[in-house]
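I have placed the structure first, in the form of structure tokens, so that the comments after it can refer back to it.
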Amino acid sequence: MAEPLPPDIQGSLACEDVRMEINGAQTLVGVISAIIAPKLPIRLLKLCIWTRWTSGVGRFLQEARIVTPDEDRAICQNQITFELANLDAHATNVHFFGGVQFDQHGAYHVEIRLDDNLRLRYPLAVIAAPAAG
């Protein structure tokens, strides 16, 4: 195998589910830009972090985590090892989290790390549901 070359991240999304179709394609269900919380804490039965990498060569360790608004701790984290054989290869990784609990309103952050280096960080807001009436 060639000299290791870290890949580029093409994208990452938080969603409710990722389904593998019979033809190998993935269907992302319920892409999440914010979580509406009628009351706190709120627990999601399933939360997925979808990522795609390309233009690298080697074996890599990807970690996805969700960090509290005060950045004090990660409420969930998971690791996936993947390999890219050549610069034209790509890898699509899905982290599945069950029972993730959000205890406060605010901007949580999804962090994507590659071999312990932060490669992408984006907000996942937990906001109060509007009052009825």
The range 6-20, residues that are farther than 17 Å from His90 by Cα, of a type in the set (A, V, I, L, M) and at pLDDT below 95: none
All positions within the range 14-24 that are charged (D, E, K, R), in a strand (DSSP E or B) and open to solvent by 50 Å² or more (accessible area, probe 1.4 Å): Glu16, Arg19
Residue match in the range 58-70 (condition: in contact (Cβ under 8 Å) with a residue 60 or more places away in the chain and open to solvent by less than 70 Å² (accessible area, probe 1.4 Å)): no
The range 78-131: number of residues that are farther than 22 Å from Leu44 by Cβ and either surrounded by fewer than 12 Cβ atoms within 10 Å (Cβ to Cβ) or of a type in the set (A, V, I, L, M) (or both): 13
Candidates Arg73, Arg52, Arg43, filtered to the one that is over 26 Å from Gly106 (Cβ atoms) and of a type in the set (Lys, Arg): Arg52
The lone exception for Thr27 - which of (1) modelled with pLDDT of 95 or more; (2) over 23 Å from Leu5 (Cβ atoms); (3) among the polar types (S, T, N, Q); (4) loosely packed, with under 12 Cβ neighbours inside 10 Å it fails: (1)
Thr51 hydroxyl-bearing (Ser, Thr, Tyr) and touching a Ser or Thr at 6+ places or on another chain (Cβ under 8 Å): yes
Filter result for Phe82 (closer than 15 Å to Leu124 by Cβ and of a type in the set (Phe, Trp, Tyr)): no
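The values are calculated or read from the model by the stated rules, or taken from the named source; none is laboratory data. Because the structure is predicted, anything quoted here is derived from the model rather than measured. Note that each Cβ is placed from the backbone with ideal geometry, even for glycine, and that neighbours are counted across all protein chains shown. The protein model used for the area step is the full one, side chains on, heavy atoms only, and it has no ligands, DNA or RNA in it. Shrake-Rupley method; radii C 1.70, N 1.55, O 1.52, S 1.80 Å.
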